[in-house]
1. Out of V39, V78, V60, V68, report the one residue that is aliphatic (A, V, I, L, M) and more than 30 Å from S9 (Cα to Cα).
2. Considering the range 77-87 alone, what residues qualify as being at pLDDT 85 or above and of a type outside the set (D, E)?
3. Whether any residue in the range 28-40 is under 30 Å from Y140 (Cα atoms), out of contact with any Pro (no Cβ under 8 Å at 6 or more places or on another chain) and modelled with pLDDT under 90 is what I want to check.
4. Suppose the filter is out of contact with any Ser or Thr (no Cβ under 7 Å at 6 or more places or on another chain) and at pLDDT below 90; does V66 pass it?
5. Is it the case that D42 is of a type in the set (D, E), without any contact (Cβ under 8 Å) to a residue 24 or more places away in the chain and assigned to a helix (DSSP H, G or I)?
6. Pick out, from the range 56-160, the helices (runs of 4 or more DSSP H) lying fully within it that include 3 or more residues that are under 25 Å from the mean Cα position of the chain (by Cα).
7. Which condition does T43 not pass, out of (1) farther than 30 Å from P117 by Cβ; (2) more than 24 Å from the chain's Cα centre (by Cα), if it passes all the others?
Amino acid sequence: MKVRIQKISSAALYVMLVVTLIILGLFYFGGETPVAQRVVADTSMSEPLQTDTLIYWMYVLLVATVVVTLLGALYKFVAGLIDSPLAAVKSLIGLILLAAVMVISWNVGSGEPLKMPAYDGTENVYEWLKLTDMFLYTIYVLMGVLILLMLFFGVAKKFK
């Protein structure tokens with residue numbers, strides 16, 4: 001069973017790598033967007049023709065990563081629930097802490113519209129600003145926890 005899963009995941013990795021390389025090749029060598037169609041404020045700046053394709057491919061990879069991660073976590077939780085219900089419930093502590101950090105960072109985030117010259121978009125609104133702050137603060141907290149854990153385990157390893 002394990003060999004079959006390794007073959008499938010290796011094939012998926014190579015397919016994603018090839019598609020990524022093709023899209024990157026189109027992005028870097030596919031030419032420029034005509035000046036009349038550019039969406040940048042300063043039309044003298046270059047804008048690769050395949051920018052949207054690259055961004056959409058990154059969205060696909062992000063969604064695939066989130067879906068596979070959630071399905072794997074759900075599978076592991078259900079399998080753990082069958083074997084040891086208490087250990088499975090304890091495994092949710094990290095998820096509960098992450099949700100708490102996200103709720104706190106949502107409440108801390110600012111929803112005040114930004115003053116941006118030459119921007120007429122629709123994303124400079126309360127909900128998007130709060131969401132962006134939530135993600136940024138959550139990343140900051142997770143990076144801080146990561147650094148503290150690296151330091152702690154590095155020091156703890158020296159004393160073993």
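The values are calculated or read from the model by the stated rules, or taken from the named source; none is laboratory data. The structure presented is a predicted model; accordingly, all values stated were derived computationally and were not measured. Cβ coordinates were reconstructed from backbone atoms using ideal geometry, including for glycine residues, and neighbour counts include every protein chain displayed.
1. Only one candidate passes the filter, namely V39.
2. Looking only at the range 77-87, we keep the residues that are at pLDDT 85 or above, and these are 77-86.
Of everything in the range 77-87, those that are at pLDDT 85 or above and of a type outside the set (D, E) turn out to be F77, V78, A79, G80, L81, I82, S84, P85, L86.
3. Yes, that holds for at least one residue.
4. no
5. Working: of a type in the set (D, E): yes; without any contact (Cβ under 8 Å) to a residue 24 or more places away in the chain: yes; assigned to a helix (DSSP H, G or I): no.
So D42 fails the test.
6. Values: elements: 85-90, 93-108, 126-158.
Per the criteria, 93-108, 126-158.
7. (1)
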